[in-house]
1. What percent of all Cα-Cα pairs in chain B falls into each 5 Å bin, going from 0 up to the bin containing the maximum distance?
2. By its C-alpha gyration tensor, with a ≥ b ≥ c as the square roots of the eigenvalues, how is region A:151-190 shaped: rounded for a/c under 1.5, else prolate for a/b larger than b/c, else oblate?
3. Per residue of region A:187-197, in order, report the coupling 6.51 cos²θ - 1.76 cosθ + 1.60 (Karplus, θ = phi - 60°) as ³J(HN,Hα) in whole Hz, putting x for Gly and Pro.
4. Measure off 7 Å from each Cα along the Cα-to-Cβ vector at residue A:44 and residue B:95, then give the distance between these two points in nanometres to one decimal.
5. Quantify, in whole percent, the carbon and sulfur part of the accessible surface of region A:113-231 (1.4 Å probe; protein heavy atoms only).
6. Residues in region B:137-180, backbone N under 14 Å from the label point at residue A:133 (7 Å along the Cα-to-beta-carbon vector): list them, ranges by number please.
7. In this model, which of B:92/B:199; A:23/A:118; A:46/B:217 are farther than 20 Å apart at the alpha-carbon?
8. Where both residues lie in the protein assembly as shown, what percent of DSSP beta bridges are antiparallel, nearest 5?
Amino acid sequence: MNLQSTKILVIDDDPKFRILTNKILTSQGAVVKECEDLNSAFDYLKNNIPDLILLDLQLSNDVHGSEFLKIRNTVAKLARIPVIICSSDNRREMVTNVIDLGVNDYIIKPYRPDWLIKKIYRCLKEQDAVAFTFTEPMLQQKITVSCEADLIALGEASCIIRSPISFSRLSETKITLEGISEYMKKNDVKIDFNPQKICRSNFSSRPSAKGQYDTLLTLLGVSEKEAHEIRKLKSGWADKK
Amino acid sequence: MKKFNILSVDDDPNFNKLLQHKLNQGMFNLITTATTKDFFSHLSENVWDACLVDVNLKEGHEAGFTLVKYIREHLKNPIPILIISHDDDHVKIAHALECGATDYLTKPFDFDMFTTKITYLLEENQDLAGQLKARPVPSLYRSCRTSADFTPQSINEEGITLIGPCCVSKGVMVEVGGPLIAEILESDIVRLMVTRNSKLDAETYSIFLEFGEEDLKLVENARKWILKKSGV
């Protein structure tokens, strides 16, 4: 077991305890930062992200360690740092209270150095495990990613869209032509046209502006009626020009 | 003028007559068949430019899909196949593409559109042929949404990595959905930002979608799910 270059923040108002803990942890290779109150702790956390925090509950000036947890829980980058409570307060309700606030472990003062090391080690190991590589059958589950795009051109058999997605040759996409629905509403045009269409790119996308790509898509499943409607729309736009 | 040889299979004699009437002139040379047996014997005896396959054949409901699969997987024939169906259900269209179909036409179809599609496919002409060219849409009515399906690769507390046939630019906000997303993040659709992307090979990309700093609930749900799956 080894805590080589693990950054640990110790928040405790008792200097004797801080020195003792510092000694135990540095002997294992950890890099320790001591803070005697919440203000100095948050100052440190502004620019530093430790791997773990050891927190005392009874701090000076009647400040309770749970205050720290409440604030930490509102800041995502801090909420990810595991916290172990080091306290002489062993009342059951106190333990459950802070566990509800999302602490990883609780150790009662005074403690044996090897217990503290063991708890820290387990805590960091759990933290490392917070990643998962998907396996079968989850790989069969499609994840749909959608984003806003511009319909540059429309025809009976095809359309061109400009979007931040660069499609490979022969990939499929589902498009929703919101602007066309808008056009129908605005001009009181009642046409038989499903604004959702499945399309296929027969060629890969071409870059247009920065981060934008133009893709020529073949419209699939367009009925005779819809083809007529698209023809009408097209000629309407041409007239206005 | 070059004629295109087209082979079709459909068990509806009236539709076959209509096809003959509409297509057997000008640029097409069409043979219609009514059974798969007939279709395959014609397919192997001549050289064809494209096939039209009806979804429902005499041999069974959705037998057209099986037929397309057979042409692709067993005969290894890359010939353009256009599926014809009365149904414009998106699930069916997606299934047709999965089976290996090149395009999908809904009955009754517009013959001008059909001609455009065929010449486009066969002449590999990037500008869609004929008068059915796509016309510019007025800028007021251009808004649309586009979506693509990805395969999940990995997840951690910061975000999720997906693999797919397209690349999404960095800094773009996307909506992400699917049963797996609902299970992990306890929300049907989540808005995430693409912060990394990379090309894996000619037609495969990986994108990383980050959970926003402000949305603690997502991070917490992801963390809970991962810990549960990892058995911690």
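The values are calculated or read from the model by the stated rules, or taken from the named source; none is laboratory data. Just so we're clear, the structure is a prediction, and the values are computed from it rather than from any experiment. With ideal geometry, Cβ positions are generated from the backbone for all residues, glycine too; neighbour counts draw on all protein chains shown. With ligands, DNA and RNA removed, areas are computed over all heavy atoms of the protein, side chains included. Shrake-Rupley method; radii C 1.70, N 1.55, O 1.52, S 1.80 Å.
1. 1, 5, 11, 13, 13, 12, 10, 10, 9, 7, 5, 3, 1, 0, 0
2. prolate
3. With the stated coefficients, region A:187-197 comes to 9, 6, 9, 9, 10, 8, 8, 7, x, 9, 9 Hz.
4. The answer from the label model is 6.2 nm.
5. C and S fraction of accessible area: 50 percent.
6. B:153-156, B:161
7. Pairs exceeding the cut-off: B:92/B:199; A:46/B:217.
8. Here the antiparallel bridges make up roughly 65 percent for the protein assembly as shown.
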